[in-house]
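Visitor: Quick one: structure below, then a few questions.
The values are calculated or read from the model by the stated rules, or taken from the named source; none is laboratory data. Everything numeric in this text was worked out from a predicted model, so none of it was measured. All Cβ positions, glycine included, derive from the backbone under ideal geometry; neighbour counts span all protein chains shown. Note: accessible area is taken over every heavy atom of the protein model, side chains too, but ligands, DNA and RNA are not part of it. Shrake-Rupley method; radii C 1.70, N 1.55, O 1.52, S 1.80 Å.
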Amino acid sequence: MTQKDTKAPLYPKSHILAASGVAALLSLALLVFPSREVEAKKPFIHPEIEGVSTQIEKTDDQKPEPLPINEQVEPPFVVLEDSTDSQPGSVEQPVQQTEGNAPAIVAVTPSAPAAPPKKVVAAGRGDTLSTVFAKAGIPASTLQEILASNKAVAKHLGRIKTGQKFEFSFSANGELQTLHTRLGKLESVEVSKSAQGFSAKHEITKPEARTVYARGVIDNSLFNAAKKAGLNHGLTLALSKIFAYDIDFAQDIRRGDEFEVIYEEKRLGSKRLPQGNILAARFTNKGKTYTAVRYTNKQGVTNYYTADGNSMRKAFIRTPVDFARISSRFSNGRRHPILNKIRAHKGVDYAAPRGTPIRATGDGKVTLAGRKGGYGNTVIIQHGNRQQTLYAHMQGFAKGIRTGGTVKQGQIIGYIGTTGLSTGPHLHYEFQINGTHVDPLSQKLTMADPISRSEKQRFLQQTQPLTARMNKEKATMLAMDKR
């Protein structure tokens with residue numbers, strides 16, 4: 001053994017191992033628990049960011065494969081939604097941090113102002129404006145304030161019809177803001193509230209008006225021909241009344257008779273309104289042509305006249321019943337159908353369905369409206385000092401017809417019936433002059449006053465273009481028919 005090998009060690013081996021262990025523990029403690037100064041200087045890096053930065057620091061050769069899309073690491077900050085998806089008017093609130101949750105931004109959308117509540121009330125039978133407002137929950141004081149705001153509108157509001165709708169709108173605190181109701185197809189009332197109180201207005205919609213020409217030839221009846229020409233029932237009746245003084249539509253109409261009409265047509269958008277007025281008309285009956293034009297004089301009175309200014313209106317119209325069939329004529333030797341003996345028939349019988357209106361043939365005073373023996377329900381009218389007419393076998397009398405009252409020409413006085421000595425529903429009509437019965441179908445009727453001299457020029461200026469148009473329209477239609 002050499003000297004080197006025989007030299008004793010300076011420290012025991014166990015001491016060296018213990019010292020090494022203590023040094024290792026100190027080094028580990030310093031790594032795991034850094035000092036406060038070091039901790040303060042160390043920047044905070046989110047674990048996920050640290051992972052990302054670690055990847056960035058690696059060289060291209062060391063970069064790992066990219067993660068699948070559904071496994072991509074979400075960034076630590078909140079990603080705001082695209083502005084196009086966000087609601088207009090939204091407000092971004094500050095980031096709210098909750099323990100254990102990622103920060104979030106809460107988008108608050110201000111609520112839009114609520115539309116005022118509305119209520120629709122339909123007027124029932126017997127309702128008044130007060131009951132309608134009560135149904136809507138509106139106090140009577142509000143109704144009085146509205147009525148006082150516009151007295152003219154108040155009159156329109158007061159005329160309530162069954163089924164009429166009232167549209168109310170209210171404020172958030174329940175106060176009435178607006179009211180709207182329609183009085184008809186062209187009229188409405190609008191009420192609104194402002195700082196100054198209620199205001200009301202009456203609105204009238206003006207429809208579009210135009211004139212239309214129509215022509216027809218009678219084959220089997222006036223109504224069928226008029227319908228083919230585009231005239232409604234009302235216009236056909238108006239046409240017959242214009243010429244009722246000259247043409248007996250119960251017995252005078254013949255196949256081949258023709259008519260022409262220029263009338264007003266009114267439309268509200270695409271909707272056709274009820275008939276307008278006939279402005280001019282022409283009727284050819286049994287080869288004789290009658291022309292009528294409508295004219296309103298300077299005093300505002302409207303009538304129909306011939307083309308040269310004579311009145312179409314006469315003292316009496318030809319027939320008291322529209323489009324009725326003559327079942328028995330005036331005769332001094334007719335056998336009575338019930339009494340079965342020869343007895344003079346001092347009038348004309350018009351057969352028509354029960355309930356058909358009967359019209360006064362002239363202006364006058366009612367001397368009788370009641371029962372009269374075999375005549376049944378009867379009306380007798382005195383026309384001046386010389387003429388008198390009688391209407392018998394009525395089912396009943398029209399409203400307001402009573403003994404001592406007055407009537408106007410064309411006014412409905414009663415309805416077809418079978419009272420008295422009658423075998424079926426019809427009107428027995430008599431005409432007397434100075435107390436003597438005459439045949440009403442043979443009488444020449446006197447005319448009313450013509451256009452005055454002072455208005456003749458004005459009349460011709462307004463009516464001649466209408467007759468000229470009828471001539472032109474007819475010529476055009478006839479030329480087209482020949483092609």
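Visitor: Being open to solvent by less than 50 Å² (accessible area, probe 1.4 Å) and over 40 Å from the mean Cα position of the chain (by Cα): is that true of GLY424 here?
Guide: Considered against the rule, which asks whether it is open to solvent by less than 50 Å² (accessible area, probe 1.4 Å) and over 40 Å from the mean Cα position of the chain (by Cα), GLY424 comes out as yes.
Visitor: Read through the list (1) of a type in the set (A, V, I, L, M, F, W, C); (2) within 43 Å of the chain's Cα centre (by Cα); (3) open to solvent by 70 Å² or more (accessible area, probe 1.4 Å); (4) at pLDDT below 90, then give the number of the only condition that ALA107 fails.
Guide: That leaves (2) as the condition not met.
Visitor: Working only within the range 228-276, note down all residues that are closer than 19 Å to PRO357 by Cα and not hydrophobic (A, V, I, L, M, F, W, C).
Guide: HIS233, GLY234, THR236, SER240, LYS241, TYR245, ASP248, GLN251
Visitor: Here's a follow-up. Output the residues belonging to the range 442-478 that are among the small types (Gly, Ala, Ser), more than 30 Å from GLN251 (Cα to Cα) and surrounded by 14 or more Cβ atoms within 10 Å (Cβ to Cβ).
Guide: Across the range 442-478, there are no qualifying residues.
Visitor: Let me ask you something else. Which number in (1) surrounded by fewer than 14 Cβ atoms within 10 Å (Cβ to Cβ); (2) within 28 Å of ASP363 (Cα to Cα); (3) acidic (Asp, Glu) marks the one condition that ASP481 misses?
Guide: (2)
Visitor: Just to be sure, is ALA122 among the small types (Gly, Ala, Ser), modelled with pLDDT under 90 and surrounded by 12 or more Cβ atoms within 10 Å (Cβ to Cβ)?
Guide: No; evaluated as a whole, the condition is false for this residue.
Visitor: Something else: Of all residues in the range 145-201 being touching a Pro at 6+ places or on another chain (Cβ under 7 Å) and part of a strand (DSSP E or B), which is farthest from PRO117 (Cα to Cα)?
Guide: Among those residues, the one meeting the criterion is GLN177.
Visitor: Right, here's the next one. Hey, among THR162, THR128, THR205, which residue is surrounded by fewer than 14 Cβ atoms within 10 Å (Cβ to Cβ), of a type in the set (Ser, Thr, Tyr) and touching a residue at least 60 places away in the same chain (Cβ under 8 Å)?
Guide: Answer to the selection: THR205.
Visitor: Which numbered condition trips up SER422, out of (1) outside any loop (DSSP other than H, G, I, E, B); (2) over 28 Å from THR306 (Cα atoms)?
Guide: Unmet for SER422, out of (1) outside any loop (DSSP other than H, G, I, E, B); (2) over 28 Å from THR306 (Cα atoms): (1).
Visitor: Let me ask something else about it. Quick check on my filter: what residues within the range 129-172 are farther than 20 Å from SER199 by Cβ and more than 22 Å from the chain's Cα centre (by Cα)?
Guide: Answer for the range 129-172, where residues must be farther than 20 Å from SER199 by Cβ and more than 22 Å from the chain's Cα centre (by Cα): SER130, THR131, ALA134, LYS135, GLY137, ALA172.
Visitor: Kindly indicate which of ALA172, ALA214 is under 30 Å from LYS286 (Cβ atoms) and of a type in the set (A, V, I, L, M).
Guide: Values: ALA172 fails: under 30 Å from LYS286 (Cβ atoms).
Answer to the selection: ALA214.
Visitor: Report, ordered by the first and then the second residue, all pairs with beta carbons closer than 8 Å, sequence separation of six or more or different chains, a first member in the range 443-461 that is assigned to a loop (DSSP other than H, G, I, E, B), and a second member that is among the charged types (D, E, K, R).
Guide: Every condition considered, the pairs that remain are LEU445/LYS314; LEU445/ARG318; THR446/LYS314; ALA448/ARG313; ALA448/LYS314.
Visitor: Among the listed residues ASN434, ASN385, identify the single one that is free of Cβ contacts under 8 Å to residues at least 12 places away in the same chain and exposed (fewer than 13 other Cβ atoms within 10 Å of the Cβ).
Guide: Testing whether each residue is free of Cβ contacts under 8 Å to residues at least 12 places away in the same chain and exposed (fewer than 13 other Cβ atoms within 10 Å of the Cβ) leaves just ASN385.
Visitor: I would also like to ask the following. Condition first: over 22 Å from ALA475 (Cβ atoms) and buried (at least 20 other Cβ atoms within 10 Å of the Cβ). Now tell me which residues in the range 254-294 satisfy that.
Guide: Within the range 254-294, just ARG294 meets the criteria.
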